[in-house]
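Novice: Please read through the structure below; I'll follow up with questions.
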Amino acid sequence: MIRLLALLALSTLSSSLAAQLSARQGILVFTHVTVIDVTGGPSLSDSTVVIAGDRIAQVGMSGEVFPPANAELIDATGKFLIPGLWDMHTHPDQEEYLPQFIANGVTGIRIMWGKPYHHEWRKEIESGTLLGPRMLIASNILDGPKPNWPGSVAIANASPGPAGRYQGQRRRGRFLESLFVPSPRSVLRNSR
C-alpha cells in the first residue's frame with residue numbers, strides 16, 4: 001500500500017522530476033501502455049510510465065507526462081504493465097536460472113533454505129554484475145533431533161547448541177527462520 005501511495009504521489013509531480021533524474025541515470029519511458037492496478041482499482045489505459053534507473057519516477061495519462069529528450073521511448077500501444085511480482089517460496093540452486101525470474105516478471109524472491117552462495121548471488125545482483133531478482137534469504141533449515149534434510153541444523157531441545165549461533169542475528173532482525181514442520185513441539189514452543 002505504501003508503494004502504491006508513493007507511486008500516486010510521484011504521478012502528481014511535474015515532468016521536471018523526470019528531467020532532473022535523467023541527468024543522473026538512464027530513463028526508460030513506456031508510452032500508451034495500459035497499467036494494471038493490482039490493488040483492485042481500474043486499469044489505467046493510454047498511460048505513460050517513466051522509469052529512472054530501477055525506480056518508477058512518474059505515471060500519468062499519455063499527453064500529460066512529458067519525458068526528457070534523452071529518454072529511451074517504447075511505444076507500448078496494446079501492451080500491459082504490472083508491478084514486479086514476488087515468488088515467496090523458492091529453492092534456487094543454479095545461478096543460470098536467476099535471469100528466468102526477471103524474464104517472467106518476478107523481481108523479488110524469498111529463498112526458503114539459504115546457502116552461502118545465495119548471499120554471493122545477492123551481492124552480484126546488487127552490484128549489477130548478475131541479472132536476477134531481489135532476494136530475501138532464510139537461514140539454514142532448523143530441524144528436529146534427526147534432520148530429514150542433509151545440511152540442516154539439528155535441534156533436540158531448547159538448550160543452546162547448533163542453533164544458538166542464530167539467536168544474535170534473530171534478535172537484531174537480520175534473520176529469517178526456516179523451520180521444518182515435523183519438529184518436536186517443545187522445540188517450537190521454546191524457540192520463540
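Novice: Which FRET efficiency, nearest 0.05, do HIS32 and GLU126 yield, Cβ-Cβ r, R0 30 Å?
Specialist: 0.35
Novice: Related question: Extension gain GLU95-SER62, at 0.36 nm per residue separation less the Cα-Cα distance, in nm?
Specialist: Stretched out fully, the GLU95 to SER62 stretch lengthens by 8.0 nm.
Novice: Given 20 °C and 1.002 mPa s, compute D for segment 85-137 with the Stokes-Einstein relation, Rh being the Kirkwood radius over Cα pairs; round to the nearest whole µm²/s.
Specialist: For these conditions, the coefficient is 200 µm²/s.
Novice: Further question on the same structure: Each residue of segment 79-93 in turn: what ³J(HN,Hα) in whole Hz from Karplus with 6.51, -1.76, 1.60 and θ = phi - 60°, glycine and Pro shown as x?
Specialist: These are the phi-based 3J(HN,Hα) values: 10, 10, 10, 10, x, x, 8, 10, 9, 8, 8, 10, 9, x, 10 Hz.
Novice: Scan around ALA57 for amide H atoms under 5 Å from its own, H built in the peptide plane at 1.01 Å from N, and keep only partners 5 or more places away or cross-chain.
Specialist: VAL50, ILE51, ALA52
Novice: Can you list the lysines whose alpha carbon sits under 22 Å from that of LYS79, skipping same-chain ones fewer than 8 residues off?
Specialist: Straight-distance partners of LYS79: none at all.
Novice: Separation between the TRP86 and ARG55 pseudo-spin-labels, each 7 Å from Cα along Cα→Cβ, expressed in nm?
Specialist: That separation, rounded to one decimal, is 1.9 nm.
Novice: Quick one: which residues, 5 or more positions from MET135 or on another chain, have an amide H under 5 Å from its amide H? H modelled 1.01 Å from N in the peptide plane, none for Pro or chain starts.
Specialist: So MET135 has HN proximity to ILE109.
Novice: Continuing with the same structure: Just want the ordering: LEU131, LEU136, from fewest to most Cβ atoms lying within 10 Å of their own Cβ.
Specialist: So the residues, fewest neighbours to most, are LEU131, LEU136.
Novice: Kindly put LYS115, LYS123 in sequence by how many other C-beta atoms sit within 10 Å of each C-beta, fewest to most. It would help to have the intermediate numbers written out before the result.
Specialist: On the way: LYS115 15, LYS123 11.
Sorted ascending by nearby Cβ count, the order is LYS123, LYS115.
Novice: Among all the lysines, which ones have a C-alpha under 26 Å from LYS123's C-alpha, if same-chain residues fewer than 8 places away are not counted?
Specialist: Excluding near neighbours in sequence, the set is LYS115.
Novice: Okay, moving on. Ranking request for peptides 70-81, 42-53: highest mean number of other beta-carbon atoms within 10 Å first, then the rest in descending order.
Specialist: 42-53, 70-81
Novice: Provide the three semi-axes, in whole Å and in decreasing order, of the ellipsoid equivalent to segment 18-153 as defined by the square roots of 5 times the Cα gyration tensor eigenvalues.
Specialist: On the way: eigenvalues 287, 60, 24 Å².
One finds semi-axes of 38, 17, 11 Å for segment 18-153.
Novice: Can you list residues from other chains, or at least 5 along the same chain, whose modelled amide H is less than 5 Å from the amide H of ILE141?
Specialist: Here VAL153 satisfy the definition.
Novice: To continue, here is another question. Quick check on the exposure proxy: order ARG134, ARG55 from fewest to most C-beta atoms within 10 angstrom.
Specialist: Listed from fewest to most nearby Cβ atoms, that is ARG55, ARG134.
Values quoted throughout were computed directly from the atomic coordinates according to the rules given, and no laboratory measurement underlies them. In this text, all values refer to a predicted model and were calculated from it rather than measured experimentally. Positions of Cβ are backbone-derived with ideal geometry, glycine not excepted, and every protein chain shown enters the neighbour counts.
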